[in-house]
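As structure tokens, the structure follows; a few thoughts come after it.
The values are calculated or read from the model by the stated rules, or taken from the named source; none is laboratory data. Treat the numbers as computed from the prediction; the structure is a model and nothing was measured. We place every Cβ from the backbone using ideal geometry, glycine too, and count neighbours over all the protein chains shown.
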Amino acid sequence: MPVVVVANPKGGVGKSTLSTNMAGYFARQGHPVILGDADRQQSARLWLSLRPPAARPIGTWDATADEIIKPPKGSSHAVLDTPAGLHGRRLGDVLKLADRIIVPLQPSVFDIFATRAFLDQLAEHRRAAGVQVGIVGMRVDARTHAADQLYQFVESLGFPVLGYLRNTQNYVHLAAHGLTLFDVAPARVARDLEQWQGICSWLDS
């Protein structure tokens with residue numbers, strides 16, 4: 001079972017947004033998917049509780065902030081939302097489970113520097129364990145100087161940049177109803193689905 005982990009030691013960077021929408025993508029593809037939430041805030045678990053019965057099913061992976069257990073059998077895909085401040089033993093536990101790791105990163109000098117040491121750790125782990133790592137720019141406005149800084153930074157890392165997602169209320173409104181971009185009419189979120197193409201191709205590869 002492929003396990004996709006969404007991780008960044010900094011809070012508020014969009015981990016839950018990525019996690020829930022990835023689970024929604026796998027569900028739309030017809031995969032039996034489960035979503036785990038190791039963050040104490042339990043945002044992804046709350047989102048699951050809001051998901052309407054008519055939506056494509058997404059199962060629960062009972063991961064917690066204190067214990068990250070292996071995903072249960074019976075599903076073909078798993079997504080894990082992780083907490084801010086992930087390090088030490090808990091980071092090691094997560095890395096052992098992961099087949100792929102996605103790092104959401106915002107175009108802020110503070111976010112970039114706060115994430116650099118973590119990305120260096122992931123680079124070492126990738127070389128040792130062969131785990132695939134990708135970066136997604138979050139809340140990116142391509143017209144800003146901050147976006148230019150983010151582009152320059154990710155080019156220096158050697159990780160693939162899977163996509164840049166804009167700052168839009170579509171994610172907020174859909175999340176409030178337990179939904180994702182992949183649960184509504186494509187024409188309604190066409191611009192956002194276009195930004196997800198690189199992420200989805202990487203997940204499918």
**OP:** Among the residues of the range 162-171, write down those that are in contact with a helix residue (DSSP H, G or I) (Cβ under 9 Å, 6 or more places away or on another chain), surrounded by fewer than 19 Cβ atoms within 10 Å (Cβ to Cβ) and of a type outside the set (D, E, K, R).
**Re:** 168, 170
**OP:** Filter the range 175-192 for residues that are more than 18 Å from residue 13 (Cα to Cα), under 18 Å from the mean Cα position of the chain (by Cα) and not in a loop (DSSP other than H, G, I, E, B) and give the result.
**Re:** 181, 182, 183
**OP:** Could you tell me which numbered condition residue 27 fails, if it satisfies all but one of (1) in a loop (DSSP other than H, G, I, E, B); (2) touching a strand residue (DSSP E or B) at 6+ places or on another chain (Cβ under 7 Å)?
**Re:** (1)
Subject >> Pairs where the first residue, in the range 102-113, is of a type in the set (D, E, K, R) and in a helix (DSSP H, G or I) and the second is modelled with pLDDT under 85 and surrounded by 20 or more Cβ atoms within 10 Å (Cβ to Cβ), C-beta under 7 Å, 6+ apart >> reply: 111/10
Original post:
So, of the residues in the range 26-61 that are charged (D, E, K, R) and within 23 Å of residue 92 (Cα to Cα), which turns out to be surrounded by the fewest Cβ atoms within 10 Å (Cβ to Cβ)?
Top reply: 40
Original post:
What number of residues within the range 120-143 are closer than 13 Å to residue 105 by Cα and either basic (Lys, Arg) or part of a helix (DSSP H, G or I) (or both)?
Top reply: 1
Original post:
Does residue 127 satisfy the criteria of being at pLDDT below 80, crowded, with 17+ Cβ neighbours inside 10 Å, more than 15 Å from residue 15 (Cα to Cα) and among the basic types (Lys, Arg)?
Top reply: no
